Amino acid sequence: MSNMVTTGTLPQSVAAMGIDEPTWNALKNSIYPGARDDSVVMAVSYCVARQLDPLMKPVHLVPMSVKDAVSGNYGLRDVVMPGIGLYRIQADRSGSYAGANEPEFGDEITRTLNGVEITFPAWCKYTVCKSMPDGKIVEFSAKEYWMENYATAGRDNPAPNAMWKKRPYGQLAKCAEAQALRKAWPEIGQQPTAEEMEGKSLDISDAKDVTPHKETQAPLTLPHYPADKFSANLPGWQKMIESGSKKAEAVIATVSTKFTLSAAQTEAIRKLEPIDANH
């Protein structure tokens, strides 16, 4: 990209990233046609942060129905998602990518979904090969099911969208490939690809507050100190107290982290303290 940036017609954030006007026009008109400026900026920022060429379109802008955590309402929002191409690039950059087998498909199934008849494979198994440090080639496989992955035509329309209707095998193979690549190279990350999330809703209200609340926490109940065990340990505590290595209250505090002492047991430990110890 050129360092000669014309800022007159460019969003300030775009100019700050060193994107010139011809590159911006290509991004807007060819790479992400029809997308809002702020969405394209978001995609470019993602690429810049990960040292990727945005003109190679390693990430996609996926229009998703997102449920707001506060209002509970759904709204269409562009979400940056890595494409399967990015996973392939990262696997290749690792230096250990050793190819992939031809995808395997399950039996064909024909169903009518909201009035649309579609024939699709029940599942797809995709296997990638990884060269290990000792020279061995290890296979990593993933099996994905069409009904669990296909993109719907709308949030309330269970029919497949145009791409999944046109390419039922190809789209499912991409989903299985993405899963296999994540298994083989966990460092790729666990974010789903655009192919996997296309046509799905994103419910950000699913996150639960796991912060412990004191008022709802059940008090910790410790077992009572067995009388026989208490009697057996009493001489040892007496030696520690008499030697000055521990005070009676310190012994009580330590024991109380594991057991519940009765009033009589607590008093027995305190009586081990020399009468003039606190004077």
Report task. Taking the Cα centre of region 59-206 as origin, sum charge times position over the Cβ atoms of Lys and Arg (+1) and Asp and Glu (-1), and report the length of that vector in debye to the nearest 20. Result -> 180 debye
Report summary line: The exposure ranking of LEU261, LEU76, LEU55, LEU181, fewest beta-carbon neighbours within 10 Å first, is LEU76, LEU55, LEU261, LEU181
Query raised in the report: Computed over the Cα atoms of region 115-207, what is the ratio Rg over Rh, Rh following Kirkwood?
Result: 1.06
Report summary line: Semi-axes (Å, rounded, descending) of the ellipsoid equivalent to region 45-118 per its C-alpha gyration tensor are 30, 27, 10
Query raised in the report: In a shell of Cβ-Cβ distance under 15 Å around ALA264, excluding ALA264 itself, what net charge do Lys and Arg (+1) and Asp and Glu (-1) give?
Result: +1
Query raised in the report: Rounded, prolate or oblate: which fits region 1-154, taking a ≥ b ≥ c as square roots of the Cα gyration tensor eigenvalues, rounded meaning a/c under 1.5, else prolate when a/b beats b/c?
Result: oblate
Query raised in the report: How are the Cα pair distances of region 108-152 distributed, in percent, across 5 Å bins from 0?
Result: 5, 17, 21, 15, 10, 10, 8, 7, 4, 3, 1
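FYI, it's all coordinate maths here, none of it is from the lab. Here the structure is a predicted model, which is why all the values come from computation and not from measurement. Backbone-built Cβ (ideal geometry, glycine too); neighbour counts: all protein chains shown.
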